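The structure appears right after this line, and notes come after that.
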Amino acid sequence: MRETFDRKIIYLDNAATSWPKPEAVYEAVDHAMRYSGNASRSGHRLALEADRLLYQTRKLLASFFNVQDPAQVVFTKNCTEALNVALKGLLKVGDHVITTSMEHNSVLRPLSRLQRSGVEVTVLQANKEGYVTPKQIAEAIRGNTKLIAVTHASNVVGTIMPVADIGKVAHDHGVLFLVDAAQTAGVLPIDMEQCFIDVLCVPGHKSLMGPSGTGALLVREGIVVEPLIEGGTGSLSESIEQPSFMPDRLESGTLNVVGIAGLKAGLEFIMGKGLSNIRQHEQKLTKMLLEGLSELDNVTVYGPKDVERMVGVVSAVVKGVDPARVSALLDQEYGIATRPGLHCAPLAHKSIGTFETGTVRFSVGFFNTLEDIEETIRAMKHIVKEYG
Ligand SMILES: Cc1ncc(COP(=O)(O)O)c(C=O)c1O
C-alpha cells in the first residue's frame with residue numbers, strides 16, 4: 001500500500017505498467033535530465049555522458065537476455081514499437097507467419113495490416129487456459145513459413161507459453177522465432193540462445209522497472225530486420241542512405257536517454273534483487289489472490305490457476321456485475337487499482353470465454369505486499385455481498 005495524491009493506493013495494474021518504481025529509477029531519471037545531451041551527435045561531455053548511458057544499458061540488456069553483441073539491442077519507445085519494427089521488418093508479401101489467439105493487439109494489429117498486404121497469417125487457437133502447444137505450432141508450419149510470433153505469457157490470464165519447446169520447433173524447421181516478453185521480462189529468466197529466440201520484444205516500463213517511453217528489440221546476430229523508420233543516426237552523415245549496421249539501422253532520431261537512464265537503474269535493481277526472488281515473491285502473492293478469489297461465491301477466476309504455470313496476472317468476473325463497475329468500485333471505495341475489460345487482447349478473451357463481458361484483471365508486482373492482497377480479497381468479499 002502506498003500514499004499517492006491524497007489517499008492510499010493498492011496498485012494491482014502492474015501488467016499495464018509497474019508502479020511504483022525503485023527509488024534509484026527516479027534518481028537516475030532526474031540525474032540524466034540534468035547531466036546528459038544528445039547521444040551519438042557531438043563530442044562534448046554531456047553528449048558523451050548520453051553515449052555512455054546508452055552503451056551501458058545496451059550491454060546490460062544484452063547480458064540479461066543473452067545476446068552476444070550489445071549492438072544487437074535496439075531501443076524503442078515501448079514493446080509495441082519493438083513488435084512493429086520486428087514484424088514489419090521481417091515479413092514480406094508471400095511469407096507465412098504463425099501466431100496464437102493469446103496475443104496482444106500489438107501483435108495482432110500489425111499482423112492484420114500485413115495480411116491485407118499479402119502476408120499469410122495463421123492464428124492458432126489456445127485452449128480455455130490460454131495454452132498453445134508446440135505440436136500445434138509444428139503442424140501449422142508450411143513451406144513459406146518465415147516466422148513464429150508468440151507471447152511469452154498472457155496479459156489476460158498469465159498463462160506461460162512453452163517458449164523453449166516452441167523455439168526448438170522453430171529452429172528444427174528453419175523458421176524465425178519472435179517472442180513478445182511484455183509480461184515476463186524482469187520476472188522470468190529469458191535466454192535467447194537457449195530458447196532459440198531470434199527476436200525478443202520487451203517493454204522497459206513493466207517488470208524491468210523503467211519509466212514510460214522505454215522498450216527494446218533484441219535481434220540475434222545474422223538476422224536482418226528492415227527499418228521501419230529512417231533518419232538521423234549521427235553516423236555516416238555523408239550518406240542519404242540508412243546505415244546498414246546495428247543498432248543504427250533500426251534506431252533513428254533522438255533517443256529517450258532520460259528514460260533509458262531510468263531503465264538502466266531498473267535493470268540494476270532487478271539484478272540486485274535476483275529474478276528468482278522476484279518470481280518467488282510474486283508467486284506467493286498470486287497464489288494468495290487465486291485462493292482468496294476462488295473461495296468467494298459468485299466469483300469466477302479464469303486461466304491456469306497454478307502459479308507454476310503463470311505469471312502474476314489474474315482475471316476474474318463477479319456474476320451479474322459488469323467488470324467495469326467492479327473495477328470502479330475497487331478504485332473509488334477501496335483505493336485498489338485494477339483494469340477491467342478486454343485488455344487489448346480480444347482473441348484471448350474469446351479463447352477463455354469472456355469476450356462478451358471482459359474481466360477484472362489483478363496484476364501483482366514486486367512492490368505489492370501480502371497485506372495488499374488480504375485487503376483486496378476483503379474488498380472483493382464486500383463487493384460480492386453488496387452487488388453480486
Ligand atoms: C502481451 C503484451 N504485448 C505487448 C504489449 C504492449 O506493450 P507496450 O505497452 O509497452 O507497448 C503489452 C502491454 O500490456 C502486453 O501485455
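The values are calculated or read from the model by the stated rules, or taken from the named source; none is laboratory data. Keep in mind that what you see is a predicted model, and the values were worked out from it rather than measured. Note: ideal-geometry Cβ built from the backbone for every residue, glycine included; neighbour counts use all protein chains shown. Side chains included, ligands, DNA and RNA excluded: accessible areas come from the protein's heavy atoms. Shrake-Rupley method; radii C 1.70, N 1.55, O 1.52, S 1.80 Å.
A few notes on this one:
- If only residues of the range 334-347 that are open to solvent by 20 Å² or more (accessible area, probe 1.4 Å) and farther than 11 Å from Phe362 by Cα are counted, the one that is nearest to the ligand (Cβ to nearest atom) is Cys344.
- Checking Val317, Val258, Val307, Val326 one by one, the residue that is open to solvent by less than 10 Å² (accessible area, probe 1.4 Å) and of a type in the set (Val, Ile, Thr) is Val326 and no other.
- Looking across the range 176-192, just one residue is open to solvent by 10 Å² or more (accessible area, probe 1.4 Å), away from the ligand (no atom under 16 Å from the Cβ) and either over 16 Å from Leu267 (Cα atoms) or in contact with a Gly (Cβ under 9 Å, 6 or more places away or on another chain) (or both), and that is Leu176.
- Residues located in the range 103-128, provided they are of a type in the set (Gly, Ala, Ser) and buried (at least 20 other Cβ atoms within 10 Å of the Cβ): Ser106, Ala126
- Selection status of Gly130, touching a Pro at 6+ places or on another chain (Cβ under 9 Å) and at positive phi: yes
- Residue in the range 129-142 that is crowded, with 24+ Cβ neighbours inside 10 Å, assigned by TED's automatic domain parsing to the domain that holds Val199, modelled with pLDDT of 95 or more and within 18 Å of the chain's Cα centre (by Cα) present: yes
- Among the candidates Ser244, Ser239, Ser212, residue that is surrounded by fewer than 18 Cβ atoms within 10 Å (Cβ to Cβ), of a type outside the set (A, V, I, L, M) and within 16 Å of the ligand (Cβ to nearest atom): Ser212
- Pairs where the first residue, in the range 259-273, is over 19 Å from Asn66 (Cα atoms) and the second is surrounded by fewer than 22 Cβ atoms within 10 Å (Cβ to Cβ) and polar (S, T, N, Q), C-beta under 8 Å, 6+ apart: Gly259/Ser212
- Per-region count, the range 313-329, residues of a type outside the set (Val, Ile, Thr) and in a strand (DSSP E or B): 2
- Residue selected from the range 9-68 under the condition assigned to a helix (DSSP H, G or I), among the hydroxyl-bearing types (Ser, Thr, Tyr) and under 26 Å from the mean Cα position of the chain (by Cα), by the criterion surrounded by the most Cβ atoms within 10 Å (Cβ to Cβ): Thr57
- Failed condition for Asp331, given (1) of a type outside the set (Val, Ile, Thr); (2) open to solvent by 10 Å² or more (accessible area, probe 1.4 Å); (3) touching a Lys or Arg at 6+ places or on another chain (Cβ under 7 Å); (4) at pLDDT 95 or above: (3)
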